[in-house]
Amino acid sequence: MGGPREAAARAQELRATLEDANYRYYVLDAPAISDAEYDRLFRELQALETEHPRLATPDSPTARVGAAPLEAFGSVRHRVPMLSLNNAFADEEVEAFDRRTREALGAEAVEYACEPKFDGLAVSLVYAQGRLAVGATRGDGHEGEDVSANLRTVRSIPLRLRAQRAPRRLEVRGEVILFRRDFERLNEHQRSRGEKVFVNPRNAAAGSLRQLDPAVTAGRPLRFFAYGIGEAEGFALPATQSELLDLLGELGLPVCAERRTTRGAPGLLAYYRALEARRPALPYEIDGVVYKVNRLAEQERLGFVARAPRFALAHKFAAEEATTELVAIDVQVGRTGAITPVARLKPVFVGGVTVTNATLHNEDELHRKDIRVGDTVVVRRAGDVIPEVVRAVPGSRKAGAPAFRLPAACPVCGSAVVRLPDESVARCSGGLYCPAQRKQALLHFASRRALDVEGLGEKLVDQLVDAALVQTPADLYALDVGRLAALERMGERSARNLAAALERSKRTTLQRFVYALGIRNVGEATARDLARHFGALDALIDADESALQEVPDVGPTVAMSIRRFFAEQHNRDVIAALRRRGVSWEEGAPRRAAPAGPLAGKTFVLTGTLPTLSRADATAMITGLGGKVAGAVSKKTDYVVAGADAGSKLARAEALGIALLDEDGLRKLLKG
Ligand code: 5U1
């Protein structure tokens, strides 16, 4: 193979040829050599580097599989945050975006850069002196995971920028995706080896990038498209977004060929329609388009609102729909006991995945849409959301198909299924007993404001339930240190700590205990009122609905919820077992006298985020003056105190004509 000097020259030549082949293939989309030729040159370079190890460089095309498996990913702080985009679905929202942009810029017409919105995973690539230094996921936008070793295996990501004088530091942002045909091949391969099959290209891309072993990622045909930059030093910014992407292309980064520039809302909408029509023919999946003000100086003037830029907008495509046959309707029990009808479908490919189950939301929706077993139905799926049955195709009904009825008993635990007057969903009243609700019920029971079992978090609850050591909260108090210490990742010391925390939690208050039971609609405030009013648990258990409604802020819905809970023998059994195992509290005489203070008899509901007061502070101020703070708005509510992002409680208050206060209003009222 000649002497070292010839070898070095040949290695350099091979590297240049392979890099150029990559650039032509991935960026210019115009392959210059065949796959077989590429492989031959690649192997020749590998052989040279093996024979002369000093020739191997970290940015050689052969270095893409080199790194050893990682223990875990480190984290990377994004010096310039990776923002999300505001979304639009309707044409009017796009017109409003253009109007706002024109007004803010004082311009008659604005030029935009339009790009596909890739359905993949956003990543950041930092090039230092032209060499790929760090690659990271978006994470929460401020801090992502260091997936450098994995990103280095992605062949369309250059390890070295194509530039005579590379920028000192340039952070390229874009999306890692899988082409559809590569995704299908990958799944065929996975299936043939009995390995996990991915539901869609996006999930496959995400799963591949987060592999701890870069060799696994290297075997996945991931691609990358650049769409912008983050931090930049020693890099002369061009005037526009479209020129920026041209420049990234020249530096060797793949940029998408579907980009266009246009003016005004009609231009944006025309681009959207054209790309929507081309969508099925594109080799990769997109879920919409992105519009950006083209001039970078104008982008800077527009700036950002909250977590999204004011100069850009994602215009999403409508969810994909398909028709298929509804084979059966089952019901599922959620973690909070919600009973959801689920459609079992003849398999249908929609929104990039094969769908066999879809939600029918709730009983009312099902009846409103009049969907019955045997119907041909329209199924919709968008992005990662759960597929839903939209409607039945008229005329597809089989003769005599009956309307669906929810079962009267929970299919998981057999407890009564109850629908409260104000709710759209029916729920299992098994509460503490129902296996479907078990983990949620245990976490709530142990939470800080309930029995406050320090150290009993999600992972441990999963372990305890999965190992069948705990079924109800009462079982927690039968655990011993030996059994706990035998759990994975537990150890003797942690086991002792947990046992001690459980022991401490046994001594509690009636208010905490009632709250810990997790009765639907009984939050902390109601638990406190119930505890005060009845003084003893048995009095509460025995109270009928009218007795319950004597408690301030307990209306028919809450009363019914409490009755249903205690009516279940399983729940009473769990309470008895808890008492037997030593959970105790002081019981007192019922206290039904009205409290004193200028706000006595007044009930407040807090909703949304107040500018300066925390919820706990506002509650303390109100209750300190004799007022009550309730969890839900009812006719008995006197004031609703609403802050930012107030939701349904505010809407309900408005519907019932209840006085509304903001933080200032509350402070004035409290001052008298
Ligand atoms: N094509 C494209 N996708 N995408 C996503 N461009 C683009 N730009 C983004 C994001 C989050 O953000 C910048 C506008 C900040």
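Of all positions in the range 611-627, none carries a residue that is more than 24 Å from residue 556 (Cα to Cα), in a strand (DSSP E or B) and modelled with pLDDT of 85 or more. Quick one: how many residues across the range 1-38 are of a type in the set (Asp, Glu) and either over 26 Å from residue 133 (Cα atoms) or in contact with a Lys or Arg (Cβ under 7 Å, 6 or more places away or on another chain) (or both)? Selection size over the range 1-38: 3. The set of residues from the range 401-425 being crowded, with 16+ Cβ neighbours inside 10 Å and under 25 Å from the mean Cα position of the chain (by Cα) comprises just one member, 425. When residue 184 is tested against the conditions (1) part of a strand (DSSP E or B); (2) more than 17 Å from residue 64 (Cβ to Cβ); (3) among the charged types (D, E, K, R), the lone failure is (1).
The condition of being within 16 Å of the ligand (Cβ to nearest atom), under 17 Å from residue 120 (Cβ atoms) and either of a type in the set (Asp, Glu) or in contact (Cβ under 8 Å) with a residue 40 or more places away in the chain (or both) holds for only one of 176, 199, that being 176. Search the range 95-121 for residues being among the aliphatic types (A, V, I, L, M) and within 12 Å of the ligand (Cβ to nearest atom), and hand back the single one that is nearest to residue 246 (Cα to Cα). It comes out as 113.
Every test in (1) under 25 Å from residue 629 (Cβ atoms); (2) assigned to a helix (DSSP H, G or I); (3) over 34 Å from the mean Cα position of the chain (by Cα) is passed by residue 578 save one, and that test is (1). Working only within the range 603-630, note down all residues that are crowded, with 18+ Cβ neighbours inside 10 Å and not hydrophobic (A, V, I, L, M, F, W, C). The answer is 603, 607, 619, 627, 628.
For residue 379, the test of being within 16 Å of residue 321 (Cβ to Cβ), without any contact (Cβ under 8 Å) to a residue 40 or more places away in the chain and surrounded by 21 or more Cβ atoms within 10 Å (Cβ to Cβ) is failed. The condition (being of a type in the set (Phe, Trp, Tyr), surrounded by 15 or more Cβ atoms within 10 Å (Cβ to Cβ), closer than 23 Å to residue 127 by Cα and not assigned by TED's automatic domain parsing to the domain that holds residue 151) is satisfied by just one residue among 38, 25: 25. Here is the figure for the range 225-260: residues that are within 12 Å of the ligand (Cβ to nearest atom) and of a type in the set (Phe, Trp, Tyr) total 2.
Applying a threshold of 6 Å to beta carbon distances and a minimum spacing of six or more residues, or different chains, the list of pairs starting in the range 245-257 at a residue that is in contact (Cβ under 8 Å) with a residue 40 or more places away in the chain and closer than 16 Å to residue 30 by Cα and ending at one that is aliphatic (A, V, I, L, M) and in a loop (DSSP other than H, G, I, E, B) reads 249/27; 249/255; 252/161; 254/27. Within the range 268-305, the only residue that satisfies the criterion of being within 14 Å of the ligand (Cβ to nearest atom), small (Gly, Ala, Ser) and more than 24 Å from residue 107 (Cα to Cα) is 288. Residues in the range 85-94 that are out of contact with any strand residue (DSSP E or B) (no Cβ under 7 Å at 6 or more places or on another chain) and under 27 Å from residue 122 (Cα atoms) were compared, and the one that is nearest to the ligand (Cβ to nearest atom) is 93. For the range 137-169, the set of residues classified as in contact with a helix residue (DSSP H, G or I) (Cβ under 9 Å, 6 or more places away or on another chain) and within 16 Å of the ligand (Cβ to nearest atom) consists of 137, 156, listed by residue number.
Results for (1) of a type in the set (S, T, N, Q); (2) over 26 Å from residue 547 (Cβ atoms), shown as yes or no for each residue.
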position: 576; (1), (2): no, no
position: 581; (1), (2): no, yes
position: 586; (1), (2): no, no
position: 597; (1), (2): no, no
position: 600; (1), (2): no, no
position: 605; (1), (2): no, no
position: 608; (1), (2): no, yes
position: 623; (1), (2): yes, no
position: 641; (1), (2): no, yes
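Taking the criterion of being charged (D, E, K, R) and within 16 Å of the ligand (Cβ to nearest atom), the only residue of the range 58-84 that qualifies is 79. Among residues of the range 397-418 that are of a type in the set (S, T, N, Q), those with a beta-carbon under 9 Å from a residue that is surrounded by 14 or more Cβ atoms within 10 Å (Cβ to Cβ) and assigned to a loop (DSSP other than H, G, I, E, B) at least six positions away or on a different chain give the pairs 415/337; 415/429; 415/430; 415/431; 415/433; 415/434; 415/568. Just a yes or no: is a residue in the range 315-334 surrounded by 15 or more Cβ atoms within 10 Å (Cβ to Cβ) and over 30 Å from residue 364 (Cβ atoms)? For the range 315-334, residues surrounded by 15 or more Cβ atoms within 10 Å (Cβ to Cβ) and over 30 Å from residue 364 (Cβ atoms): present.
Matching residues to (1) of a type in the set (Val, Ile, Thr); (2) touching a residue at least 12 places away in the same chain (Cβ under 8 Å):
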| residue | (1), (2) |
| --- | --- |
| 43 | no, no |
| 50 | yes, no |
| 58 | no, yes |
| 62 | yes, yes |
| 71 | no, yes |
| 76 | yes, yes |
| 85 | no, yes |
| 89 | no, yes |
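Among the numbered conditions (1) closer than 15 Å to residue 577 by Cβ; (2) more than 34 Å from the chain's Cα centre (by Cα), the only one that residue 474 does not meet is (2).
The values are calculated or read from the model by the stated rules, or taken from the named source; none is laboratory data. Note that the coordinates shown come from a computational prediction; the quantities given were computed from them, not determined experimentally. Don't worry about glycine lacking a Cβ; one is built from the backbone with ideal geometry, like all the others, and counts go over all protein chains shown.
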